[in-house]
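For reference, the structure is listed below as structure tokens.
The values are calculated or read from the model by the stated rules, or taken from the named source; none is laboratory data. This is a predicted model, so every value here is computed, not measured. Cβ coordinates were reconstructed from backbone atoms using ideal geometry, including for glycine residues, and neighbour counts include every protein chain displayed.
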Amino acid sequence: MAQYQDDIKAVAGLKETHGSAWNAINPEYAARMRAQNKFKTGLDIAKYTAKIMRADMAAYDADPAKYTQSLGCWHGFIGQQKMISIKKHFNSTERRYLYLSGWMVAALRSEFGPLPDQSMHEKTSVSALIRELYTFLRQADARELGGLFRELDAAKDAATKAAIQQKIDNHVTHVVPIIADIDAGFGNAEATYLLAKQFIEAGACCIQIENQVSDEKQCGHQDGKVTVPHEDFLAKIRAIRYAFLELGVDDGIIVARTDSLGAGLTKQIAVTKEPGDLGDQYNAFLDCEELSADQLGNGDVVIKRDGKLLRPKRLPSNLFQFRAGTGEARCVLDCITSLQNGADLLWIETEKPHIAQIGGMVKEIRKVIPNAKLVYNNSPSFNWTLNFRQQVYDAMKEAGKDVSAYERGALMSPEYDDTELAKIADEKIRTFQADASREAGIFHHLITLPTYHTAALSTDNLAKEYFGDQGMLGYVAGVQRKEIRQGIACVKHQNMSGSDIGDDHKEYFSGEAALKAAGKDNTMNQFH
């Protein structure tokens, strides 16, 4: 951050220009405040993080071991603590992002209360969360730099001052890319465009959109999913691209998600003008029966294909059904057409984490788009333990090994935890991300709902102890003592909330008259 010294000089020049009216202004204080507010707007953040993500995509193309990761966040504090932890443990935020899950917004942020992932929540709550996440990440920068500035002021010798100055100059921001879930666009293409603008203005460099219908949208891991014809989906992809371009984020990233693998229904029959066009390819997957003109019933919908009259199977819901077993082929076509029409990354929602299944589809996509890359949901909706133990069981059985000691349907049982099968399965889970990135084209691995589950688990443990026999020891031993010994920054919760930053500002503004909170009677001093 060589900019720091430049800012001191620049403000000193301004002070000289304005004469005695600015006598109380300290150029170094002003430069510190500028350093602590590197990103002035959400668009600054979107432009900065888009470049990071584009560079990471190029690095992955050169070396699939350089995949990226993120965890879903439902509050600014959760995102902030994640990035503070990453910097603490890895000294870098490289290739580590945040994911904003529509599921968690619906379940945890809606004014209606907990809702299923069906786009019933307030659509502006998503852009509000993007803004909140970046507010907390920028505050993490300000807090960390504030600590360095106080160390600089307290340093007694030139060598110590130089070392601290180097940390300031090379400060690594907590601000990282956010992949933001726009569901199915919350309406038509115009509605998608308007909402995408709010996302981008809040700081999102990457927007994920799915090919379900907006009004029938379901969670990707629930039944009843309904897809739209390709042209409808591509219009929304173009709408997002125009939103990026209008706001000057020229390298913004679009993730096209297909739910076709688990979606057996469509609301519309695609428009087709000639055999083999995109609409015709979509309609070819419909479950149809051939009939003659005199077999037509009242209100029947028919399509003509290859010289035949075909009646698509229509359900009482007025939805049309696809043929069974066409999910993977539809996914491949969805992915190819999305990349050919402006999307940058793919998301294939699957029913289980199986590298061979994902890799098989990617292989077909890459026959047309050689550098196709995926974002993949390492979802808590999967029972990872059971899925991988069953995969290992099947592989062992196919290899002719004795599996008589195991019951395939009961492999989740703790009695198997110390078996050879369970240990092999756990190792496959451990290496899943690296293996899938190498073998199945996955550029980004995310977990949509991790902090939803960790909050529930930690709260359950605390409630059991605190309201039980352990009383206050349940909190002290289970939480506070661990915070202190693991060096968790928020054990000093006053500091984490911005108390020291406020004290700095009071001193800047009022000098010796400042009434600061961090005096000798502040109980936070017990945690030095």
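Observations
- Single residue of Leu296, Leu286 found to be surrounded by 20 or more Cβ atoms within 10 Å (Cβ to Cβ) and either over 27 Å from Ala372 (Cβ atoms) or without any contact (Cβ under 8 Å) to a residue 40 or more places away in the chain (or both): Leu286
- Leu315 falls short of the stated requirement of being in contact with a strand residue (DSSP E or B) (Cβ under 7 Å, 6 or more places away or on another chain), more than 30 Å from Ile52 (Cα to Cα), surrounded by 14 or more Cβ atoms within 10 Å (Cβ to Cβ) and modelled with pLDDT under 95.
- Leading residue by the ranking (farthest from Met83 (Cα to Cα)) among those in region 477-493 that are surrounded by 15 or more Cβ atoms within 10 Å (Cβ to Cβ) and free of Cβ contacts under 8 Å to residues at least 60 places away in the same chain: Gly478
- All positions within region 150-181 that are without any contact (Cβ under 8 Å) to a residue 40 or more places away in the chain and hydroxyl-bearing (Ser, Thr, Tyr): Thr160
- Residue in region 131-142 that is assigned to a helix (DSSP H, G or I) and among the polar types (S, T, N, Q) present: yes
- In the set (1) touching a residue at least 60 places away in the same chain (Cβ under 8 Å); (2) surrounded by 12 or more Cβ atoms within 10 Å (Cβ to Cβ), the condition left unmet by Leu462 is number (1).
- All conditions but one from (1) β-branched (Val, Ile, Thr); (2) within 30 Å of Arg138 (Cβ to Cβ); (3) part of a loop (DSSP other than H, G, I, E, B) apply to Val403; the one that does not is (2).
- Residue within region 381-399 that is touching a Cys at 6+ places or on another chain (Cβ under 9 Å) and part of a loop (DSSP other than H, G, I, E, B) present: yes
- Cβ-Cβ under 7 Å pairs, at least 6 apart or on other chains, region 315-340 side within 18 Å of Leu234 (Cβ to Cβ), far side among the β-branched types (Val, Ile, Thr) and part of a loop (DSSP other than H, G, I, E, B): Ile336/Val368; Ile336/Ile369; Leu339/Ile369
- Residue match in region 499-511 (condition: among the polar types (S, T, N, Q) and either more than 30 Å from Trp22 (Cβ to Cβ) or surrounded by 13 or more Cβ atoms within 10 Å (Cβ to Cβ) (or both)): yes
- Arg389 vs. criteria surrounded by 15 or more Cβ atoms within 10 Å (Cβ to Cβ), modelled with pLDDT of 90 or more and in contact with a helix residue (DSSP H, G or I) (Cβ under 8 Å, 6 or more places away or on another chain): yes
- Any hit, region 466-487, residues being among the β-branched types (Val, Ile, Thr) and closer than 24 Å to Arg138 by Cβ: no
- Every pair of residues 6+ apart whose Cβ atoms lie under 7 Å, when the first sits in region 409-429 and is closer than 17 Å to Ala399 by Cβ while the second is of a type outside the set (Asp, Glu) and assigned to a loop (DSSP other than H, G, I, E, B): Leu421/Tyr406
- Each residue in region 483-528 was checked for being part of a loop (DSSP other than H, G, I, E, B), closer than 28 Å to His89 by Cα and at pLDDT below 85, and 2 pass.
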